[in-house]
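See structure below.
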Amino acid sequence: MIKSILPLSSIIALRFFGLFLVLPVLSVYAINLYGATTTLVGIVIGGYALTQMIFQVPFGVMSDKLGRKGTIITGLVLFGIGSIFCAIANDILLLMLGRFLQGAGAIGAVVSATISDLVKEEERSKAMAIMGMSIGISFAAAMVLGPTIGALAGVQTLFYLTAVIAFGSIFVLIKFVPDPPKITHAYPDDKQLLQVLTNINLIKMNTTNFLQKGLMTFAFMIIPMILTKNFGWKMSELWMVYLPSMIFGILAMGPAAIFAEKKSKFREILSLGIVFFAVSYLLMGFSSSSIMFVIGVVIFFIGFNMHEPIMQSQTSKYAKVHQRGLVLGIFNSFGYLGTFLGGVFGGIFFGKVSLSTLAITITIICVVWIILILTMRNPGKNKQLYVPLNEGTKRNTERLDKELNLHEWYINETENVIVIKYDSNILDEDTILNTLKQ
């Protein structure tokens with residue numbers, strides 16, 4: 001598993017590193033460009049998320065139909081070109097265009113779907129946690145290096161570095177990532193969009209991703225501006241708030257992922273993370289000193305990182321094998337819509353509405369959000385059965401749907417096995433094997 005996951009995790013981590021690298025300083029940098037307003041700055045911060053939102057589903061569907069690797073390469077090329085546009089931008093509109101192009105490389109769902117293809121479901125949460133942890137580490141490194149490099153060499157250098165990372169990731173993909181297995185299934189494709197859009201569990205997970213990412217972008221809008229304007233911090237000092245935030249956040253990742261997976265407590269971990277969001281915004285909104293404000297920031301990233309290693313894994317559990325790209329594409333689209341709107345509303349309301357009023361509003365939203373999560377059913381502890389594929393078992397696969405109540409089954413032609421997902425409370429392994437052998 002590790003050999004397959006580490007290269008993919010490094011690609012997605014490096015991509016996020018490039019995005020995160022500029023986040024700590026982007027609002028301060030962009031506001032000084034020609035034509036800048038706080039509203040346009042908010043769009044610049046969240047702008048990449050708008051095109052991410054638009055292209056997540058097409059990229060996900062394209063990867064389901066045409067293959068994962070080619071889709072990822074296309075996204076990395078777009079991301080690299082957008083980074084170059086950002087680097088050469090001398091006004092707010094060109095910077096905005098570059099950010100839109102960065103977001104057009106919407107490969108997040110495709111990478112997650114590729115991991116789901118390469119890893120057995122019982123190991124998928126661990127694989128997603130590894131990916132989430134690698135993103136968290138890249139986030140921590142970016143929070144330290146972004147302000148430091150930006151102060152010493154200029155923010156343009158950060159964008160050039162991001163372009164190099166994007167094109168370098170293509171080499172990693174081609175050289176080190178194995179091809180996903182060839183899968184065949186018996187499920188019709190014509191109704192899968194309706195099935196995905198009406199799945200109540202997926203609706204709640206999509207809403208969760210929307211709100212979580214919106215609060216994150218809004219936080220990145222206000223944190224650097226308040227610390228520099230209200231508390232007199234320098235841009236080169238911002239790492240002192242982001243580094244401890246990421247350290248505590250990464251430390252929270254492992255226990256959250258283990259507790260959610262081993263105890264099947266996904267719902268409880270998500271709810272606890274939302275409580276941290278509410279507390280953090282109340283502290284930031286009513287802070288009278290930079291220390292209280294920084295404590296609020298740290299608490300926010302603890303809650304955020306508790307969510308990260310389990311959200312994609314939990315969402316993928318509700319998807320059949322032929323829906324993974326689509327399901328994760330929609331899931332990520334909701335997240336990027338939240339990212340975009342978080343930046344836009346942050347730009348619109350910053351300076352026009354008191355931070356304390358915004359904090360109270362966010363707390364009310366969090367209370368409603370927790371109620372939504374508590375009504376969601378935790379994913380069951382389903383089991384996977386791997387049956388060797390031969391003429392007899394292949395001939396009897398048509399009996400699986402007719403005679404058994406299965407979650408799904410499909411044929412992994414690369415490994416020459418039939419993969420059967422079932423509820424152990426309803427069926428046992430012997431019944432399934434007998435059905436295939438008769």
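For a distance above 27 Å, tell me the whole-number percent of Cα pairs in the stretch 189-380 that qualify.
31 percent
Got a number for the accessible area of His407? Probe 1.4 Å, square angstrom, nearest 10.
For His407, solvent-accessible area is about 80 Å².
Calculate the length of the line joining the C-alpha centroid of the stretch 62-119 to that of the stretch 235-305, in whole Å.
Centre-to-centre (Cα) distance: 28 Å.
I'd like the carbon and sulfur percentage of the solvent accessible area for the chain, probe radius 1.4 Å, heavy atoms only, ligands and nucleic acids excluded.
Roughly 66 percent of what the probe reaches on the chain is carbon or sulfur.
Relative contact order for the chain: what is it in percent, counting Cα pairs under 8 Å that are at least 6 residues apart?
Reported relative contact order: 24 percent.
Give the calculated FRET efficiency between Glu398 and Val164 to the nearest 0.05, with a Förster radius of 56 Å applied to their Cβ-Cβ distance.
That pair, Glu398 with Val164, gives E of 0.60.
Computed FRET efficiency, Cβ-Cβ of Asn390 and Ile200, R0 51 Å: what is it to the nearest 0.05?
Efficiency, rounded to the nearest 0.05: 0.85.
From largest accessible area down, sort Ile362, Ile371; use a 1.4 Å probe on the protein chains.
Accessible-area ranking of Ile362, Ile371, largest first: Ile371, Ile362.
Where is the GNM fluctuation largest for the chain (alpha-carbon springs, 10 angstrom cutoff): Ala151, Ala260, Ala113?
Top of the fluctuation ranking is Ala151.
Indicate the gyration tensor shape class of the stretch 1-67 (rounded, prolate or oblate), computed on the Cα atoms with a ≥ b ≥ c the square roots of the eigenvalues: a/c under 1.5 is rounded; otherwise a/b larger than b/c is prolate and the rest oblate.
oblate
Given the -39500 (n - 2.57) contribution per DSSP H run of 4+ residues, what per-residue ellipticity at 222 nm results for the chain, rounded to the nearest 500 deg cm²/dmol?
Rounded to the nearest 500, it is -26000 deg cm²/dmol.
Using all C-alpha to C-alpha distances in the chain, build P(r) with 20 Å bins and read off the rounded percent in each one.
P(r) over the chain, rounded to whole percents: 26, 56, 17, 2.
Sorted by accessible area (1.4 Å probe), largest first, how do Trp239, Trp233, Trp409 line up?
Sorted by accessible area, descending: Trp239, Trp233, Trp409.
How big is the accessible area of Tyr410 in square angstrom, nearest 10, if you roll a 1.4 angstrom probe over the protein chains?
For Tyr410, the solvent-accessible surface is approximately 20 Å².
Roughly what would the spin-label model give for Leu94 and Ile137, points 7 Å off Cα along C-beta, in nm?
3.7 nm
Give me the number: length gained by fully extending Ile247 to Val353, i.e. 0.36 nm times residue separation minus the C-alpha to C-alpha distance, one decimal in nm.
Between Ile247 and Val353, full extension yields 35.0 nm more.
Pull up all non-local amide H partners of Glu408: gap of 5 or more, or a different chain, and H-to-H distance under 5 Å with H placed in the peptide plane.
Under 5 Å from the amide H of Glu408 lie the amide H atoms of Lys421, each far enough along the sequence or on another chain.
If all Cα-Cα distances of the stretch 1-178 are sorted into 10 Å bins from 0 onward, what percent lands in each bin, rounded to whole numbers?
All Cα pairs, binned at 10 Å, distribute as 11, 38, 35, 14, 3, 0 percent.
Got a sec to turn the phi values of the stretch 411-417 into Karplus ³J(HN,Hα) couplings, 6.51 cos²θ - 1.76 cosθ + 1.60 with θ = phi - 60°, whole Hz, x for Gly and Pro?
Once θ is set to phi - 60°, the couplings for the stretch 411-417 become 9, 8, 6, 5, 9, 6, 9 Hz.
Which of these, Ser356, Ser63, Ser424, has the largest mean-square fluctuation under a Gaussian network model of the chain (Cα springs below 10 Å)?
Ser424
Among Arg68, Arg395, Arg15, which one shows the highest mean-square fluctuation when the chain is modelled as a Gaussian network with alpha-carbon springs under 10 Å?
Checking each option, the largest mean-square fluctuation is seen for Arg395.
So how do Asp91, Asp430 rank on accessible area, 1.4 Å probe, biggest first, that is with the largest at the start?
Correct descending sequence by accessible area is Asp430, Asp91.
The values are calculated or read from the model by the stated rules, or taken from the named source; none is laboratory data. Fair warning: this is a prediction, and the values are worked out from it, not measured in the lab. Here Cβ is always computed from backbone atoms with ideal geometry, including for glycine, and neighbour counts include all displayed protein chains. Just so you know, the surface numbers come from the protein's heavy atoms only, side chains and all, with ligands and any DNA or RNA stripped out. Shrake-Rupley method; radii C 1.70, N 1.55, O 1.52, S 1.80 Å.
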